[in-house]
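One structure is given here, and the rest of the page talks about it.
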Amino acid sequence: MTSALADRTLTAVDRCDRCGAQAYVLVVLEASGGELMFCGHHARAVETTLRPLASEWHDETDRLSEKAALPED
């Protein structure tokens, strides 16, 4: 992972290119340098096809299992 991607955290503004849900995976294509973003579901669906074409595969799907912090009263 390049330092630019290592320092980047996907936010709620980043959306899946397939369905529009929140993106948790950012893929940088090796040939063009173009970026694709996917939700966890669609990242798994395209991983076997895109992983060999990617120069970067930034996966934050582990955040899906984190418990949200509850506000204190």
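All of the numbers you see were taken from the coordinates with simple rules; none came from a lab. Only a predicted model underlies this, so the values are computations on that prediction, with no experimental measurement involved. Virtual Cβ from ideal backbone geometry, glycine too; neighbours counted across all protein chains shown.
In this simple spin-label model, placing a label point 7 Å from the Cα along the Cα-to-Cβ direction at both ARG44 and ALA31 gives a separation of 2.8 nm. Percent of C-alpha pairs per 10 Å bin in segment 3-63, short distances first: 25, 59, 16.
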